[in-house]
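This report concerns only the one structure given below.
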Amino acid sequence: MDIVRTHSLGKRYDTHTVVDDVNLRIPEGCVYGFLGPNGSGKSTTMKMLLSLIRPTSGEVEILGRPMNHGTRRELLSHIGSLIEAPPGYGHLTGAENLRIVQRSLGLRAEQIERAVATVRLQEHLDKKVKNYSLGMKQRLGIAMALAREPQLLILDEPTNGLDPAGIEEIRGLLRHLAEHGVTVMVSSHLLGEIDKTANMLGILSQGRLIFQGTRDELFAASTPDVLIDAIDPSRASSILQQKIPVQVDDHTLRLSGIDDRGTAQVVAELVGANAGVYGVRRDDQSLEDVFMNLTKGGRL
Ligand SMILES: Nc1ncnc2c1ncn2[C@@H]1O[C@H](COP(=O)(O)OP(=O)(O)OP(=O)(O)O)[C@@H](O)[C@H]1O
Ligand SMILES: [Mg+2]
């Protein structure tokens, strides 16, 4: 089952469309990496899922039920969230902040204890939150979101500003939660931060969902560059330049967005023209490259 679905979800401010016709599908039990450059609409989309701002078009469905005035309260009780700055009162301790959450949501003490143990914050509960490190604040925020034992956890850039060890710790925590049946939606503008943690990816660019699927599907949706080695690269590039953009680096020509048939044609032409072709291969491509191609080059 999909725990989240949106139907042509959109948000417009005056004439500026910031989320455009988005159809999210978040299967139960996955870690869904919600990626996109700064300003692409990640926070706006997440806030619409949480009913914090009102969509200007489309619908949100949580746990198979449409989010509306009548269902909102009940549906939100199954969702924990951490949006933008970590929550909590600085002049209170971690324990005091958690007591506020416990009382306002009517939770049992064990629920708070379990959430604290999950984020490993036990030793820091008696410190004032203003003296917490950023990583500790994020973990407190996640504990607050987890205390109600949600089916879905929505985290907006929880690794923002953390050092590599802090990032790795959050990643481990997300994997742990997913293994225990919590569906996690986590946003980032940096692919590397959630790369291996997420088993589903959604990529936003200028408010549009330009990709949604698994990592393998993402690789399959993009074509790596073709690299051709030639003894006479200037002759080779002058033959090709009229038909296809070519970058030349030493003896290697780089051709983008070209399929196998196109590659065969190019090679036949270069061989026919005696350009001295001695190597043809596809470039290795990292997920980062694919992401950049999708969001900057706009190839999908
Ligand atoms: N209240 C608002 N009024 C007008 N424009 C807004 C408002 N809130 C957000 N925007 C615009 O919507 C766009 C998307 O913003 P959003 O915060 O959703 O992006 P984001 O992907 O979360 O970016 P970041 O990675 O920087 O957090 C931006 O261009 C932003 O300026
Ligand atoms: Mg944001």
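The values are calculated or read from the model by the stated rules, or taken from the named source; none is laboratory data. Computed from a predicted structure; not experimentally measured. For neighbour counting, all protein chains shown are included, and Cβ atoms are generated from backbone atoms with ideal geometry for every residue, glycine included.
Quick look at the values:
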read-out: Boolean, GLU217 is within 16 Å of the chain's Cα centre (by Cα) and either of a type outside the set (Gly, Ala, Ser) or under 30 Å from VAL18 (Cα atoms) (or both); value: yes
read-out: Number of the exception - GLU74 against (1) away from ligand 2 (no atom under 12 Å from the Cβ); (2) within 21 Å of the chain's Cα centre (by Cα); value: (2)
read-out: Among the candidates VAL19, VAL4, residue that is within 22 Å of the chain's Cα centre (by Cα), in a strand (DSSP E or B), in contact (Cβ under 8 Å) with a residue 60 or more places away in the chain and more than 16 Å from ligand 1 (Cβ to nearest atom); value: VAL4
read-out: Tally of residues being within 18 Å of GLU157 (Cα to Cα) and part of a strand (DSSP E or B) across the stretch 22-36; value: 6
read-out: Residues of the stretch 188-208 classified as of a type in the set (S, T, N, Q) and in contact with a Cys (Cβ under 8 Å, 6 or more places away or on another chain), total; value: 1
read-out: Selection count, the stretch 25-71, where residues are touching a Leu at 6+ places or on another chain (Cβ under 9 Å), within 16 Å of ligand 2 (Cβ to nearest atom) and hydrophobic (A, V, I, L, M, F, W, C); value: 6
read-out: Residues being in a loop (DSSP other than H, G, I, E, B) and more than 30 Å from LYS42 (Cβ to Cβ) - total across the stretch 83-115; value: 3
read-out: Residue match in the stretch 64-75 (condition: surrounded by 18 or more Cβ atoms within 10 Å (Cβ to Cβ) and either without any contact (Cβ under 8 Å) to a residue 12 or more places away in the chain or in a strand (DSSP E or B) (or both)); value: no
read-out: Entirely in the stretch 116-221, the helices (runs of 4 or more DSSP H) that have 2 or more residues that are buried (at least 20 other Cβ atoms within 10 Å of the Cβ) and more than 15 Å from ligand 1 (Cβ to nearest atom); value: 134-146, 164-179
read-out: Within the stretch 247-271, considering residues that are over 12 Å from LEU227 (Cβ atoms) and in contact with a helix residue (DSSP H, G or I) (Cβ under 9 Å, 6 or more places away or on another chain), the one surrounded by the most Cβ atoms within 10 Å (Cβ to Cβ); value: LEU270
read-out: Residue check, MET1 within 15 Å of ligand 2 (Cβ to nearest atom) and of a type outside the set (S, T, N, Q); value: no
read-out: Tabulated pairs, the stretch 197-210, first among the hydroxyl-bearing types (Ser, Thr, Tyr), second part of a strand (DSSP E or B), C-beta under 6 angstrom, 6+ apart or interchain; value: THR197/VAL31
read-out: Residue that is farthest from the chain's Cα centre (by Cα) [pool: residues in the stretch 7-16 that are within 16 Å of ILE53 (Cβ to Cβ) and surrounded by 13 or more Cβ atoms within 10 Å (Cβ to Cβ)]; value: ARG12
read-out: Residue tally, condition touching a residue at least 40 places away in the same chain (Cβ under 8 Å), farther than 20 Å from SER188 by Cβ and assigned to a loop (DSSP other than H, G, I, E, B), over the stretch 37-59; value: 3
read-out: Selected residue (criterion: nearest to SER81 (Cα to Cα)) from residues of the stretch 153-198 that are among the hydroxyl-bearing types (Ser, Thr, Tyr) and within 16 Å of ligand 2 (Cβ to nearest atom); value: SER187
read-out: Any hit, the stretch 119-127, residues being closer than 20 Å to LEU98 by Cβ and without any contact (Cβ under 8 Å) to a residue 12 or more places away in the chain; value: yes
read-out: Filter pass, VAL19 being at pLDDT 95 or above, surrounded by 21 or more Cβ atoms within 10 Å (Cβ to Cβ) and within 13 Å of ligand 2 (Cβ to nearest atom); value: yes
read-out: Criterion violated by MET46 - all others in (1) under 21 Å from LEU146 (Cα atoms); (2) away from ligand 1 (no atom under 13 Å from the Cβ); (3) aliphatic (A, V, I, L, M) satisfied; value: (2)
